[in-house]
Amino acid sequence: MIDGLEERSIGGETGLATRGEPVYGEPTADGWRLWDRSRSKLAVLLDRGVDTGLEAGSTVLYLGAASGTTVSHVADLAGPTYAVEFAPRPMRDLLTVAEDRQNLFPLLKDARQPESYAHVVEPVDVIVQDVAIRGQADVALANRQFLKEDGRLVLSVKARSEDVTRDPEAVFAEVKERLAEGYTVRYAESLEPFHDDHLGIVAEPDR
Ligand code: SAM
């Protein structure tokens, strides 16, 4: 288990938990906050014991941070955590989440334009991507430049964001094929039953 990540029973629920200020009404006790798998694709992978490369103190680039549900847990245990979100409304909530976390750096930027934040983001151990827009593999390829050689991409692919009309399996196959232009996929499994029609991927950048 990663330092700072523990299985805890809080308020009658058992699951992974991190230590930090609560963010989304999650059950808390003794400074620990439960990490809700139904609201976080990364939590599903960690709960399965998948090696995401995330360790205590890791440097993280998080793409698609929204209001900070998942990235708040990441920042609880990681080191510098750069959180990219392009929508102003969730960014307002994210700024509040960052007030309690000195290592969380919100960036109001478009993940499809990494050159707009390249001057701020240092090389990272892990990229977590959850952007739910068409071209999810392209976003991962564009941001590969930030990954250290032994870093990991943790990508959540939403089939309907690529094409609502197509069979999710066909969409996933296409995304993996495109991703192979810069990454080697080490893990690719459905995130059901917690997230319908989502594929969880862990990949290593090609040298
Ligand atoms: N990862 C979040 C969590 O677990 O707490 C949920 C993310 S939500 C599914 C997807 C987010 O990605 C939305 O807030 C959306 O505004 C953001 N997004 C979509 N396209 C983006 C882009 N090109 N650049 C930055 N953020 C983007």
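The values are calculated or read from the model by the stated rules, or taken from the named source; none is laboratory data. Note that the structure is predicted; figures quoted are calculated from it, not measured. Methodologically, a virtual Cβ is constructed for each residue, glycine included, from the backbone with ideal geometry; neighbour enumeration extends over all protein chains shown. Keep in mind that these areas ignore ligands, DNA and RNA; they rest on the heavy atoms of the full protein, side chains included. Shrake-Rupley method; radii C 1.70, N 1.55, O 1.52, S 1.80 Å.
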Going through region 127-160 in order, the residues found to be of a type in the set (V, I, T) and more than 10 Å from the ligand (Cβ to nearest atom) are I127, V154, V157
Matching residues, region 164-207, being surrounded by 13 or more Cβ atoms within 10 Å (Cβ to Cβ), among the acidic types (D, E) and at negative phi: E174, E189, E204
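Keeping to region 136-168, report how many residues are acidic (D, E) and assigned to a helix (DSSP H, G or I).
Of the residues in that region, 2 qualify.
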Of the residues that sit in region 1-45 and are open to solvent by less than 20 Å² (accessible area, probe 1.4 Å) and within 14 Å of the chain's Cα centre (by Cα), which one is nearest to the ligand (Cβ to nearest atom)? S40
Residue check, G49 open to solvent by 10 Å² or more (accessible area, probe 1.4 Å), on the phi > 0 side of the Ramachandran plot, within 14 Å of the ligand (Cβ to nearest atom) and out of contact with any Cys (no Cβ under 6 Å at 6 or more places or on another chain): no
Counted residues in region 110-120 being surrounded by 17 or more Cβ atoms within 10 Å (Cβ to Cβ) and either over 14 Å from A83 (Cβ atoms) or over 16 Å from the mean Cα position of the chain (by Cα) (or both) come to 2
Across (1) free of Cβ contacts under 8 Å to residues at least 24 places away in the same chain; (2) open to solvent by 80 Å² or more (accessible area, probe 1.4 Å), D100 clears everything bar (1)
Just give me the residues in region 169-207 being part of a loop (DSSP other than H, G, I, E, B) and within 24 Å of R37 (Cα to Cα), in sequence order. L191, E192, P193, F194, H195, D196, D197
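Among the listed residues D76, D138, which satisfies the condition of being of a type in the set (D, E, K, R) and within 22 Å of I2 (Cα to Cα)?
D76
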Residue under question is R89, and the condition is that it be within 10 Å of the ligand (Cβ to nearest atom), under 23 Å from E21 (Cα atoms) and open to solvent by 40 Å² or more (accessible area, probe 1.4 Å); does it hold? yes
Of all residues in region 59-76 being over 21 Å from S161 (Cα atoms) and open to solvent by 10 Å² or more (accessible area, probe 1.4 Å), the one that is nearest to the ligand (Cβ to nearest atom): D76
Would you point out the residue of region 106-126, among those that are out of contact with any Gly (no Cβ under 7 Å at 6 or more places or on another chain) and not in a loop (DSSP other than H, G, I, E, B), that is farthest from the ligand (Cβ to nearest atom)? E115
